[in-house]
Amino acid sequence: MGRPSEPLLSREMIVDAAMAIVDESGIDALTTRAIAKRLGVGQASLYNHVHSRDELLELLNARVLAGVDLTVLDHPDWTEAVYRGTLAFLEAVQRHPNMIVVLATRPARTDPSLTYYERMHERLRGAGLSPEDSARFLFAIDDYCIGAALNTETDVEINDRHDKFPLTAEAVEAGRPADHHQATLRLLLNGLIATVEIPATTG
């Protein structure tokens, strides 16, 4: 019998299966047994392509950050570029909410992660920000985006206590604005920009 024309298993297939498991059932459901069952292969065969859980988490981290649309950072206005880059980062992590704990607790060391940070620093430093201010911007951006992705659907239940908490009840009834994250990111970035001196000649 000749060898199959296509490989039965690949690293890409393993990452696809692992991401599907995490998206559907959470990070605790990610086991070699679950991946092997999904792919219809033996567990041992997985280790020919991915050698440890740590390596697999790195690959998943890279997959999430590879979803950031970096083309938005080409906008000629650096403030708009940084805003759009931040929003692209948030949208990428929100597509895989069960990966947030991994993103929040592991160093940014994959190529897609570092490429995102490099491009953001490029725009911030190009606008005249110091290394310290550029880092401060990205720390604030990261904190907001990770927190927002963790807390996108928090409910507030007033039940029959409207008289006791009338203002909170009104806010709950008003609901979350559709542009909540966009508006909040604008406020965050405008506040950060107000704390630094930007050379008037930069664009």
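The values are calculated or read from the model by the stated rules, or taken from the named source; none is laboratory data. A quick note: this is a predicted structure, and the numbers were derived from the prediction, not measured. Ideal geometry is used to build each Cβ from the backbone, glycine not excepted, and the neighbour counts take in all protein chains shown. Surface accessibility is based on the protein's heavy atoms, side chains included, excluding ligands, DNA and RNA. Shrake-Rupley method; radii C 1.70, N 1.55, O 1.52, S 1.80 Å.
List pairs: first residue in region 163-179 and of a type in the set (A, V, I, L, M), second residue in a loop (DSSP other than H, G, I, E, B) anywhere in the structure, Cβ distance under 8 angstrom, at least six positions apart or on different chains.
Listed by first residue and then by second, the contacts come to ALA169/ILE158; ALA169/ARG161; ALA169/HIS162; ALA171/VAL156; VAL172/VAL156; VAL172/ILE158.
Here is a yes/no grid of residues against (1) in contact with an Asp or Glu (Cβ under 7 Å, 6 or more places away or on another chain); (2) surrounded by 14 or more Cβ atoms within 10 Å (Cβ to Cβ); (3) more than 30 Å from GLU55 (Cβ to Cβ):
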{"site": "TRP78", "(1), (2), (3)": "no, yes, yes"}
{"site": "THR86", "(1), (2), (3)": "no, yes, no"}
{"site": "VAL101", "(1), (2), (3)": "no, yes, no"}
{"site": "ALA149", "(1), (2), (3)": "no, yes, no"}
{"site": "GLY175", "(1), (2), (3)": "no, no, yes"}
{"site": "ARG186", "(1), (2), (3)": "no, yes, yes"}
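List the number of the failed condition for GLY67; all other conditions in (1) touching a Lys or Arg at 6+ places or on another chain (Cβ under 7 Å); (2) farther than 27 Å from ALA194 by Cβ; (3) open to solvent by 40 Å² or more (accessible area, probe 1.4 Å); (4) not aliphatic (A, V, I, L, M) hold.
Here GLY67 meets the rest and fails (3).
Of the residues ALA149, ALA169, which single one is outside any loop (DSSP other than H, G, I, E, B), more than 20 Å from THR71 (Cβ to Cβ) and touching a Pro at 6+ places or on another chain (Cβ under 7 Å)?
Details: ALA169 fails: touching a Pro at 6+ places or on another chain (Cβ under 7 Å).
Every option except ALA149 fails the conditions.
Might you let me know whether region 126-139 holds any residue that is under 10 Å from the mean Cα position of the chain (by Cα) and open to solvent by 40 Å² or more (accessible area, probe 1.4 Å)? Lay out the reasoning, then the answer.
Kept after step one, since they are under 10 Å from the mean Cα position of the chain (by Cα), are these residues of region 126-139: none.
Scanning region 126-139, I find no residue that is under 10 Å from the mean Cα position of the chain (by Cα) and open to solvent by 40 Å² or more (accessible area, probe 1.4 Å), so the answer is no.
Of the residues that sit in region 1-44 and are aliphatic (A, V, I, L, M) and open to solvent by 40 Å² or more (accessible area, probe 1.4 Å), which one is modelled with the lowest pLDDT? Give the steps one after another, and end with the answer.
So in region 1-44, the residues aliphatic (A, V, I, L, M) come out as 1, 8-9, 13-15, 17-22, 27, 29-30, 34-36, 39, 41, 44.
Then drop every residue that is not open to solvent by 40 Å² or more (accessible area, probe 1.4 Å), which leaves 1, 8, 13, 39, 41, 44.
On the way: MET1: 50, LEU8: 81, MET13: 96, LEU39: 95, VAL41: 93, ALA44: 93.
In this case the residue turns out to be MET1.
Give me a count of the residues in region 45-77 that are within 18 Å of LEU30 (Cβ to Cβ) and without any contact (Cβ under 8 Å) to a residue 24 or more places away in the chain.
Counting residues in region 45-77 that are within 18 Å of LEU30 (Cβ to Cβ) and without any contact (Cβ under 8 Å) to a residue 24 or more places away in the chain gives 6.
Farther than 17 Å from GLN182 by Cα and open to solvent by less than 60 Å² (accessible area, probe 1.4 Å) - does that describe any residue in region 155-162? If you could, list the steps in order and put the result at the bottom.
Step one: list which residues in region 155-162 are farther than 17 Å from GLN182 by Cα, which gives 155-162.
Keeping just the survivors that are open to solvent by less than 60 Å² (accessible area, probe 1.4 Å) gives 158.
Checked against the condition, which is being farther than 17 Å from GLN182 by Cα and open to solvent by less than 60 Å² (accessible area, probe 1.4 Å), region 155-162 yields at least one hit.
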